[in-house]
Structure formats: C-alpha cells, structure tokens
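Below is one structure, written out as structure tokens; comments come after it.
Nothing in this text is a laboratory measurement; each read-out follows from the coordinates by a stated rule. This structure is a prediction, so every number in the text was calculated from the model and none was measured. Note that we place each Cβ from the backbone using ideal geometry, even for glycine, and neighbour counts take in every protein chain shown.
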Amino acid sequence: MASLGLVSDPDFPSHVADSLAESLPRYLTERLDEAEWSIELVSDPVAAGRSSGKEILDATERQRRLHGWDYAVGVTDLPLRQEKRPVLADIGQEHERVGVISLPALGGFQPQRRARQLLASVLAELTGNDDRTDNGLYSPPTEVLAPIRRERASSDSIAVRYRSTRRRGRARLLSGMVRSNTPWRLVLGMSGALAAALATSVFGLTSSTVWQIADMLGPFRRGLLVVLAVALMATWLIVTHKLWEKPRYTADREQRMLYNSSTALTIVTGVGCLYVVLFAANLAGSLFLIDPELLSSSLGGSIGIGNYLGLALAATSMGVAAGALGSGLEDDATVRRAAYGYREAQRRANQQQTEQREQTGYPDQAGVRQQTEQQDQNGSREGTEQDSDTER
C-alpha cells in the first residue's frame, strides 16, 4: 500500500483536498500500478505563507518526512506563473517524491474533478508511470479552452511542469482566483453592511413614496438602478478598505492586473449575491405584507406581479446602496476575511502591516526576522496539532 499526503492551504484548498481524499483511492487504483492507496490530509498555515512553487515544494517535503509518507502533494490557491504562463503543477527535482498543484489555474468550474485528474498525472510522474492520457486531463474541450502542456523545467528544484497557454490560460486562471476567494461569503461576512441593507430595504417596502417612484421607473431605468447600486457598493468596498493592489507590492504588471481583476470580480460577484438574496427577501416580504388594494389605492390602477417586482427591486437597490455606507463601519480585517481566501487575506494583511510600520518607523531587522521565525514555528505547531484531527 502506498501512502500519500495532501498538504493544503487552509480554507478553499482544504475543502478541495478533503473532497479528493474521499474519491482518490479508488480513482488512483484504477489508473496507477499500486493496488491500494492511503490518503492523509494536512492543512499547513506555514506553507500557505510561501510565495513560490519551490518554497511550497520544500514545505511539502518537510511534511512528507515528518509523517513518513511515500509521496506528498501540496494543494495551494497561490496563482503560480512562469514566463507569464499559468502553472498547473510542479514536480520536484530536488525532492523527487513531492509535487504541488495550483488550484486557480484549473479554473472556476468543477475544481474538484479537475484537481483529481491533475493529481493523478502528478502521481504518475512521481511513481514513474508514463501513461498520462487516460485521466481526462487532455480532453478536447480543455484543448480548445485552455490547452495544457507538459514540459521539462529548466530548474534545479523542479523536474516537470504542467502549464497552460498564456492568453486562454490567463482567463481560466482569473476565474480560478475568483473561485478561490469564495465571493458568496461576502453576503454574511459583513454584518454592518447587511444590517444597513436590511433596515433600508424595510423602509423602502413601507414607504408609499418609494412605491410611486418604483412604479414610474421603466425597464431601462430599473436595470440602470441595479447596475449603479452594485457598482456603488463594490467601488466603496475596494476604495474604503484599500483592496486595490499597488505597484510597490507587485512589480509584475500582469500579475498585478490579475490580482486587481480578481478582486473586482470577487467583490462584484459577492455584492451581486447580496443583491439577489435581498431581492428575494424583499419580494417575499412585499407579497406577504402589502395588500393589493392598499398598493392599488396608492398607485391608482390595477396591480399585478410586475408592480411587486418593481417595488422589491427599488427597495433592494436602496438597501444595497445603504449597505455600501454600512460597510464603512467594518474594519479592514473583517472585509478581507469576507472577500478573500486564507492565503490572499494573509497577504493583504501583511501589506497593511508593512504600511503601518513605515508610518510609525521600522523596527530593527533582527527583531522582525525573529518575530517572523517565531510566527512560522507557532503556525507549524498549530498546523501539526490540527493535523491529528484531520488525518484519515
């Protein structure tokens, strides 16, 4: 029996690794020479602080030796790129029994299925099985949307690399970065914004003036109202909480564009989810609370479902606009946790800490280095303690 360790970043990669652990044993048995596989999971916050494929491979190798696994694969949501091309996986040269897969490069749809296919190819490399055509990784749709290429890496630390093409792969990478941020969590992650949105929506549903304004709006202006409300809250969140990536932190212009594009899409998607949920609640509330005769007497005409839809849309737009102001009551850390996954939230927090240190004066470098090493050691101990509960 061969043992495999999956060393994942916390948050979304851990969920993917947990799904893989359930389906992998049988999947690998059908495609690789080993008769049986045992899978163990480790969520490593220290590895989540690394910023390159080589560093993640080193951290994964340390976990492999610590647990005595035959093979180990890191599962990360770090968007890896090489020569401006998205990297799906790296197989170690210096560490011959470890590899790493980058979830964002797999795209935003069906990440578990694609991660399983890619992991089977990575394990085929690690075990010396050359059959890489049987797992669906090179399917015709993939070749059309974002072709995957296997190549020998010109590096002392990486033996084999799986990468995508630059242009088509970049679109898939961007969608994967948004998926890793799980934007729908934005709905419940900011209690202040949600409370302001709900309170304002209730006011809109009970105001006869809002009823009349909603009835006068045509389809075009209603659609424009929705776009403006979502754009207002998204822009407010990005600007107020300093979510825009600055050139000083990411010198690579294309990488910076990816970070900023993923932030904008994540926030817009999250606010869109908030709008849909709030609209459904307002529509249900208006149908339940507002009698058709009362609405008819206020609007002066026959009442249909279209009137209730327009009313719910107007109240929702008011609520989302108020939610933008309510989000100003949230601290930056709360917004980062709601808008990003663990790794990206930590990276943004480190940037903010750097700015704060610059404003107050740098501590001595030895103190900074000692503090960083202590945090890494604490994170490693915490990750090891958590591993005992998640191993399987």
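When you count the other C-beta atoms within 10 angstrom of each residue and take the mean per peptide, 177-190, 137-150 line up highest first as 177-190, 137-150.
Peptides 291-297, 121-127, 199-205, 346-352 ranked from most to least packed by the mean count of surrounding Cβ atoms within 10 Å: 121-127, 199-205, 346-352, 291-297.
In terms of the Cα gyration tensor, with a ≥ b ≥ c the square roots of its eigenvalues, is the stretch 1-157 rounded because a/c is under 1.5, prolate because a/b exceeds b/c, or oblate? Judged from the Cα gyration tensor, the stretch 1-157 comes out rounded (a/c under 1.5). Projecting the Cα positions of Ile39, Tyr342, Gly270 onto the charge dipole of the chain (unit charges on Cβ atoms of Lys, Arg, Asp and Glu, taken about the Cα centre) puts Gly270 furthest along the positive direction.
Relative contact order of the chain: 20 percent, from C-alpha pairs under 8 Å at least 6 residues apart in sequence. Below 23 Å, Cα to Cα, which lysines can Lys54 reach? Residues fewer than 8 away in the same chain don't count. Excluding near neighbours in sequence, the set is Lys84. Site pair Ser298 and Leu228 shows an inter-label distance of 2.1 nm when each label is modelled 7 Å from Cα along Cα→Cβ. Ordering 280-289, 312-321, 162-171, 212-221 by mean Cβ neighbour count within 10 Å, with the highest value first, yields 312-321, 162-171, 280-289, 212-221.
Entry note, the chain: the mean residue ellipticity at 222 nm calculated from DSSP H runs of n ≥ 4, each adding -39500 (n - 2.57), is -20500 deg cm²/dmol after division by the residues and rounding to the nearest 500. Based on alpha-carbon atoms, the Kirkwood radius and the radius of gyration of the stretch 182-339 give Rg/Rh equal to 1.07. Length available on full extension from Met1 to Ser157: 0.36 nm per residue minus the Cα-Cα distance, which gives 53.4 nm.
Computing FRET efficiency as 1/(1 + (r/R0)^6) for Glu83 and Ala349, where r is the C-beta to C-beta distance and R0 is 30 Å, gives about 0.50.
The DSSP beta bridges internal to the chain are antiparallel in roughly 45% of cases. Think of each Lys and Arg Cβ as +1 and each Asp and Glu Cβ as -1; about the Cα centre, that makes the dipole of the chain roughly 1560 debye. Rounded, prolate or oblate, given the Cα gyration tensor of the stretch 297-362, with a/c below 1.5 counting as rounded? It comes out prolate by the Cα gyration axes. Each Lys and Arg Cβ is given +1 and each Asp and Glu Cβ -1; about its Cα centre, the stretch 182-339 then shows a dipole of about 540 debye. Shown here: the chain, whose C-alpha atoms stretch 78, 55, 40 Å along the first, second and third principal axes, sorted largest to smallest.
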